[in-house]
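**Q** Starting off with a structure, shown below.
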Amino acid sequence: MSELTTMTAAELSVKLQSGEVSATEVTRAHLDRIAAVDGRVHAFLHVAADGALAAARQVDERRAAGAELGPLAGVPVALKDNFTTTDMPTTAGSRILNRWQPPYDATITSRLRRAGAIILGKTNMDEFAMGSSTENSAFGPTRNPWDLSRVPGGSSGGSAASVAAYEAPLAIGTDTGGSIRQPAAVCGITGMKPTYGGNSRYGLIAFASSLDTPGPLARTVLDAALLQETISGHDPMDATSIDEAVPPVAAAARQADVAGLRIGVVAELAGEGYQPGVLSRFSQAVELLEALGAKVTEVSCPHFRYALPAYYLIAPSECSSNLARFDAMRYGLRVGDDGTRSAEEVMSLTRAEGFGAEVKRRIMLGTYALSSGYYDAYYGKAQQVRTLIARDFEAAFGQVDVLVSPTTPTTAFPIGERADDPIAMYLADLCTIPSNLAGNAAISVPCGLAPEDGLPVGFQVMAPVLADDRAYRVAAAAEAAFTERWGHPLLAGARGLDQATADDTRGAGR
Amino acid sequence: MSITRDEVAHLARLSRLALGEEELDHLAPQLDQIISAVARVQEVAAEGIPPTSHALPLTNVFRADEIVPCLPADVVLSQSPAVEQQRFKVPRILAEDA
């Protein structure tokens, strides 16, 4: 493995700016790594080798001509396959969009291009971002680089695995109920769900519009912040985009200090159903922050226990409406159009063949929750619970600066274990969902390996709406303290892909 | 039992999903289990609590009314399952006996 692929984006940025390495060399190293390992990981649905090398050449030429370039110019990034790209297919992990090549770029896509970031390709995902394991992709599952028999989490599992497997230093994901933070946690990397509205949804294939939030995945907190600064900011093409200055997240990640900060441990996000090794690593992380000068208290958010059922009414309701656009008429798959069938019959046949089981379950669940006679008891009630959860956050942030919890109740589970057990699958997002319902910022950073299975555990930091910088500051402080304790970044101990690196780092995460 | 197989079949029709018998047999008990689980929201005493439909309290968002070119017809039609005379070609929209 080339050392260019093990460097952080921040390190690459320095070497690119000084001219020590070229964007072409960096891009080629990552494409070589993808060619070497992606057959086993399957993080990518599409690798854009030619496009990436052309973009890299352009960055090199502009730099040689003395152009002023941003920090990520020449740094490779992997893009989740639910962002539209004019030069690459966009499937959202679904057969219904198989081979679709969008006529326009998402705002996130065009901002990456404008910054000179090199888009390596499109990453695998649960179909329409519905799932927590990437097993719901119509194109086969992604595997966890720590243990290829386990899931990488989801729905941004391809993005998380690409970063953990050193195929890309950075990746873009989307988080509707935990789809950035949960895969980041179980792959041993950093993932951030910014404040809702902080990143544009224009050109993002919609799942649940009031919850969907694009965000960064990276191997360090600073790298995530650099990527967020590149993609964030007001976009007139998205009516829910926040028209305010982006919080200074990279500066916050560099500040990395928690002295005097009040940290609240959420009482409801622990206990039954949580793996012992997850809880022990979480407690150690809290002690570490306390040792760094943070003031730790326990905080109760009583309605968080209703977040999961409320989410599984709100998200499916919005999805049943959003996915009505896949009607086989103007783009995408069309099945059974033999000249005898009506448009409605063709539509129903196409949707039955084009959507996978989980998407069908959620469309029908949403249709049920929104139907007259059930609306008040289900969707209406879930919306009230959403208010109560936002109020729990408000009350908690009156007492403390940030809230913390494990990111997921368990480490990565084996492929197939929960594939046809929706309720078990949904539990993977237990700790991440509250921040989607309330719209506040939340980040996951690795906090060690669970002793019982040697797999990564994520530490979640939740900050108030628009206080993304605070989440980065705490996560970076935790990251610095962990790295010092372990003697190296957690990921250096991953042994699923590169056996050779395992032996000299066996102490990882202890 | 919170939902019957017949109701699930009705939901599939409303959702424009032409599901086979086998698929209905598989999905009906799963939907029943999910609906029972999410019904827990009804335990919450929410009398007088306003609903939240969105994380941000935004109303009447406007942007500048700038004229920009729309996508060329050939680009848009290039992704269509069927095209005729620069139009989307779709199956008949009325039933035979309508």
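Since every read-out is calculated from the coordinates, none of them should be taken as a lab result. Please read these numbers as outputs of a predicted model, since none were measured by experiment. A quick note on method: Cβ atoms are made from the backbone with ideal geometry, for glycine too, and the neighbour counts reach across all protein chains shown.
**Q** For a quick check: with amide H placed at 1.01 Å from N, whose amide H comes under 5 Å from A:Val77's, ignoring anything fewer than 5 positions away on the same chain?
**A** Under 5 Å from the amide H of A:Val77 lie the amide H atoms of A:Ile118, A:Ile119, A:Leu120, each far enough along the sequence or on another chain.
**Q** Here's another thing I want to ask about it. Subtracting the Cα-Cα distance from 0.36 nm times the residue separation, let me have the gained length for A:Tyr104 to A:Glu61 in nm, one decimal.
**A** 12.9 nm
**Q** May I ask you to sort A:Val14, A:Val335 by Cβ crowding, counting other Cβ atoms within 10 Å and putting the fewest first?
**A** So the ranking, lowest neighbour count to highest, is A:Val14, A:Val335.
**Q** Moving on to the next point. Tell me which trypsin sites (Lys or Arg not before Pro) from region A:2-102 have a DSSP coil assignment and no more than 11 other beta carbons within 10 Å of their own.
**A** A:Arg99
**Q** Once both axes come from the Cα atoms, what is the angle between helix B:21-38 and the longest principal axis of chain B, in degrees from 0 to 90, rounded to 10?
**A** It is inclined by approximately 60 degrees.
**Q** Across 5 Å bins from the origin, how do the percents of Cα pairs in region A:121-201 run, short distances first?
**A** All Cα pairs considered, the percentages come to 3, 20, 30, 26, 15, 5, 1, 0.
**Q** For chain A, what's the relative contact order in percent, using C-alpha pairs closer than 8 Å and at least 6 residues apart?
**A** It rounds to 17 percent for chain A.
**Q** Here is a further query. What ranking of A:Ile172, A:Ile205 emerges when the number of other C-beta atoms within 10 Å of each C-beta is taken as an exposure proxy, fewest first?
**A** In order of increasing Cβ crowding within 10 Å: A:Ile205, A:Ile172.
**Q** Any idea how many Lys pairs in chain A come in under 26 angstrom at the alpha carbon, given 8 or more places apart or on separate chains?
**A** 9
**Q** Please rank B:Cys70, A:Cys431, A:Cys301, A:Cys187, fewest neighbouring Cβ atoms within 10 Å first, as an exposure proxy.
**A** B:Cys70, A:Cys301, A:Cys431, A:Cys187
**Q** Classify chain B as rounded, prolate or oblate, taking a ≥ b ≥ c as the square roots of the eigenvalues of its Cα gyration tensor: rounded when a/c is under 1.5, otherwise prolate if a/b is larger than b/c and oblate if not.
**A** Oblate, since a/c reaches 1.5 and b/c is not below a/b.
**Q** Once you have a ≥ b ≥ c as the square roots of the Cα gyration tensor eigenvalues for the protein assembly as shown, tell me rounded if a/c is under 1.5, and otherwise prolate or oblate according to whether a/b is larger than b/c.
**A** Oblate shape, in that a/c is at least 1.5 and b/c is the bigger or equal ratio.
**Q** Each residue of region B:46-62 in turn: what ³J(HN,Hα) in whole Hz from Karplus with 6.51, -1.76, 1.60 and θ = phi - 60°, glycine and Pro shown as x?
**A** Calculated HN-Hα couplings, in order: 10, 4, x, 7, x, x, 10, 9, 8, 5, 10, x, 9, 9, 6, 8, 10 Hz.
**Q** Taking GluC sites (Glu not before Pro) as candidate sites, keep only those in a DSSP loop with at most 12 other Cβ atoms within 10 Å, then name the longest stretch of chain A containing none of them.
**A** In chain A, the maximal stretch lacking such sites is A:273-451.
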